[in-house]
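A.B. asks: Next up is a structure, given as structure tokens.
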């Protein structure tokens, strides 16, 4: 984790949350990073109650995955469309560059 991320956490945390994070980091600092350590942390994460933001984020991820799967199922996923356009004779350059100024490219 870089310092910028740590500063951001501190910026948005209360003094009590900062003390809690500090104690947690101190407790875990010298722990061996083995399978047991990872398993324990994964269990702790799984057992923590989710915040409203986390719930909304998970719901959004579920929607994106479903939409992506639907695009693939129907053949309209961008990867599939690119393959179809290349098979029709379009070049990579034609797919990536807009046909006219300010227009979107064929695959972006």
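A.B. asks: Tell me whether the stretch 64-87 contains one or more residues that are without any contact (Cβ under 8 Å) to a residue 40 or more places away in the chain and closer than 30 Å to residue 6 by Cβ.
C.D. replies: Taking every residue of the stretch 64-87 in turn, at least one turns out to be without any contact (Cβ under 8 Å) to a residue 40 or more places away in the chain and closer than 30 Å to residue 6 by Cβ.
A.B. asks: Report yes if residue 102 is in a loop (DSSP other than H, G, I, E, B) and modelled with pLDDT under 90, otherwise no.
C.D. replies: yes
A.B. asks: Please work out which residue is farthest from residue 58 (Cα to Cα), limiting yourself to the stretch 12-31 and to residues that are modelled with pLDDT under 90 and either exposed (fewer than 10 other Cβ atoms within 10 Å of the Cβ) or touching a strand residue (DSSP E or B) at 6+ places or on another chain (Cβ under 9 Å) (or both).
C.D. replies: Ranking the qualifying residues of the stretch 12-31, first place goes to 30.
The values are calculated or read from the model by the stated rules, or taken from the named source; none is laboratory data. This structure is a prediction, so every number in the text was calculated from the model and none was measured. Virtual Cβ from ideal backbone geometry, glycine too; neighbours counted across all protein chains shown.
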